[in-house]
Protein chains: 2
Amino acid sequence: MARKKQYNEAEVIEKAMRLFWRNGYESTSVRMLEKEMGINQFSIYASFKNKEGVFLESIKLYNAKIKSITNILENSTNGVEGIKDYFLDFLDFSREGAIFKGCLVTNTVNEIKEDTNPVIMAALKRFSLNIRKLFVRNLKQDDQRDVKEIEAQADYLMNALLGLSISSKVFSEEELKGIINITFLHL
Amino acid sequence: MARKKQYNEAEVIEKAMRLFWRNGYESTSVRMLEKEMGINQFSIYASFKNKEGVFLESIKLYNAKIKSITNILENSTNGVEGIKDYFLDFLDFSREGAIFKGCLVTNTVNEIKEDTNPVIMAALKRFSLNIRKLFVRNLKQDDQRDVKEIEAQADYLMNALLGLSISSKVFSEEELKGIINITFLHL
DNA sequence: ACAATAACTAAGCGGTTGCTTAGATTTAAC
DNA sequence: GTTAAATCTAAGCAACCGCTTAGTTATTGT
């Protein structure tokens with residue numbers, strides 16, 4: 001009936017995701033996406049509706065990629081140690097060669113404003129809350145402490161993880177591992 | 001000989017700084033600065049050369065403002081407790097009514113890229129390193145531990161502080177204070 | 001072979017970006 | 001009062017933004 005697509009949507013989203021990861025949402029232009037994805041703007045809008053659509057698909061892919069390490073956390077029975085492993089795994093996950101790119105989600109939370117990008121912000125918050133939930137689950141494995149205390153610890157760990165996303169752009173790998181060690185020293 | 005300026009440079013930078021603090025560097029346009037500062041674009045460029053110049057002056061002012069709490073840290077003899085006070089003071093400092101704006105410096109570190117804004121990035125790094133130096137100084141007050149260990153602790157605290165700048169936009173004041181408590185629990 | 005349909009290319013839309021220029025206006029020295 | 005210099009306003013520059021449209025090309029069923 002009609003012509004075939006000359007590109008694979010999953011493949012071009014992979015490239016878009018990497019670009020967003022490096023540059024953030026706002027400072028990644030559709031022209032840049034065009035070049036990186038290797039397809040015309042028309043095709044981008046035809047496949048993903050708009051720039052926001054490309055980003056939402058990128059988040060989905062990011063979520064699928066990071067599953068490789070969240071799955072370990074999800075199935076862990078090591079309590080806090082399992083969370084520490086997640087931190088170290090994340091460091092590896094966020095690395096591209098020698099440089100650390102931080103977390104795509106955290107980077108974007110920092111960049112965008114809730115009132116101008118409500119849909120994106122909602123997706124990002126969903127992502128973060130899910131990780132916090134896993135932290136709570138693992139913390140409960142160690143002993144039966146007060147739920148309030150456990151949730152405060154989960155907040156503490158989220159804070160450290162958010163910090164790590166920024167720190168990874170400033171500190172060296174050795175320093176980052178030192179930070180992780182101290183973060184879990186007395187938990 | 002010539003006409004007088006109809007505005008005070010210190011006054012308009014105060015307004016510019018607040019705008020950058022709320023919106024970040026890139027997403028604050030010169031048109032927005034124009035309105036907020038209450039002067040024409042020509043005057044902005046005449047006084048501060050370019051947008052980067054306005055921001056660098058804003059950083060200077062921010063530095064002067066935050067001196068009110070870094071001075072306390074600088075003169076503290078309470079060791080780690082002095083740093084904890086700094087964290088709590090910072091929370092207050094970064095508040096505008098009920099909402100937390102985070103740290104102007106941290107917000108911007110997250111937003112800009114080193115290769116496109118090297119001058120700004122350098123100013124931001126200088127600012128951060130200075131705070132880390134104060135952390136090291138205070139940590140040395142408590143006991144004579146290994147210097148390496150102290151520096152690792154300073155990195156850990158910087159990571160927590162960076163995290164706090166993001167967390168303050170997501171968590172409540174109560175949760176933030178809980179995070180700070182746990183951060184200093186076993187130091 | 002031909003018509004129908006979807007995917008392609010490339011030009012261009014109105015709006016915004018950081019920054020500059022032209023020209024009127026105010027100040028102050030003489 | 002005249003002149004020179006600094007400051008003001010407002011229009012406008014090229015480049016870019018997200019997105020669309022017009023027109024061409026490829027693939028299919030009949």
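Each reported figure results from applying straightforward, stated rules to the coordinates on display, with no laboratory input. Here the structure is a predicted model, which is why all the values come from computation and not from measurement. Don't worry about glycine lacking a Cβ; one is built from the backbone with ideal geometry, like all the others, and counts go over all protein chains shown.
One decimal, nm, shortest first: give the distances between the label point of A:K60 and those of the same position in the other copies, each label point 7 Å from Cα along Cα→Cβ.
When each copy's label point is compared with this one, the spacings are 5.1 nm.
With everything on Cα atoms, drop me the angle between helix A:173-183 and the longest principal axis of chain A, reported from 0 to 90° to the nearest 10.
So the inclination is approximately 50 degrees.
Indicate the gyration tensor shape class of the protein assembly as shown (rounded, prolate or oblate), computed on the Cα atoms with a ≥ b ≥ c the square roots of the eigenvalues: a/c under 1.5 is rounded; otherwise a/b larger than b/c is prolate and the rest oblate. Provide the component values of the computation, followed by the final result.
Values: a/c = 1.95, a/b = 1.00, b/c = 1.95.
Judged from the Cα gyration tensor, the protein assembly as shown comes out oblate (a/c at least 1.5, b/c at or above a/b).
Select from A:T108, A:Q153, A:G178 the residue farthest towards the positive end of the dipole of the protein assembly as shown; place +1 on Cβ of Lys and Arg, -1 on Cβ of Asp and Glu, and compute about the Cα centre.
Value: A:T108.
Of B:K49/B:K125; A:K177/B:K177; A:K65/A:K113; B:K113/B:K140; A:K35/B:K51, which sit over 27 Å apart, Cα to Cα?
Correct reply: B:K113/B:K140; A:K35/B:K51.
Return the calculated 222 nm mean residue ellipticity for the protein assembly as shown, to the nearest 500 deg cm²/dmol, obtained by summing -39500 (n - 2.57) across DSSP H runs with n ≥ 4 and dividing by the residue count.
Mean residue ellipticity, 222 nm, calculated: -23500 deg cm²/dmol.
Rounded, prolate or oblate: pick one for the range B:105-171, where a ≥ b ≥ c are the square roots of the eigenvalues of its C-alpha gyration tensor, a/c under 1.5 means rounded, and failing that, prolate if a/b is larger than b/c, else oblate. Show your work: numbers first, answer last.
Values: a/c = 3.09, a/b = 1.65, b/c = 1.88.
Because a/c hits 1.5 or more and a/b fails to exceed b/c, the range B:105-171 counts as oblate.
Below 8 Å, C-alpha to C-alpha, sequence gap of six or more: please give me the relative contact order for chain A in percent.
On the way: 150 pairs, mean separation 41.7, N = 187.
Computed over chain A, the figure is 22 percent.
Expressed as a whole number of Å, what is the distance separating the alpha-carbon centroids of the range B:172-187 and the range A:154-187?
Result: 15 Å between the Cα centres.
What is the dipole size for chain A, taken about its Cα centre, with +1 at each Lys and Arg Cβ and -1 at each Asp and Glu Cβ, in debye to the nearest 20?
It works out to roughly 840 debye.
Pick from B:K148, B:K133, B:K177: which residue has the top mean-square fluctuation in a GNM of chain B where Cα pairs under 10 Å get a spring?
Of the options given, B:K148 has the highest mean-square fluctuation.
Shielding of B:163-174 by partners, i.e. mean partner chain Cβ atoms within 10 Å per residue?
Counting Cβ atoms of other protein chains within 10 Å of each residue's Cβ and averaging gives 5.
How big is the shadow of the Cα convex hull of the range A:9-183, averaged over all directions, in nm²?
10.7
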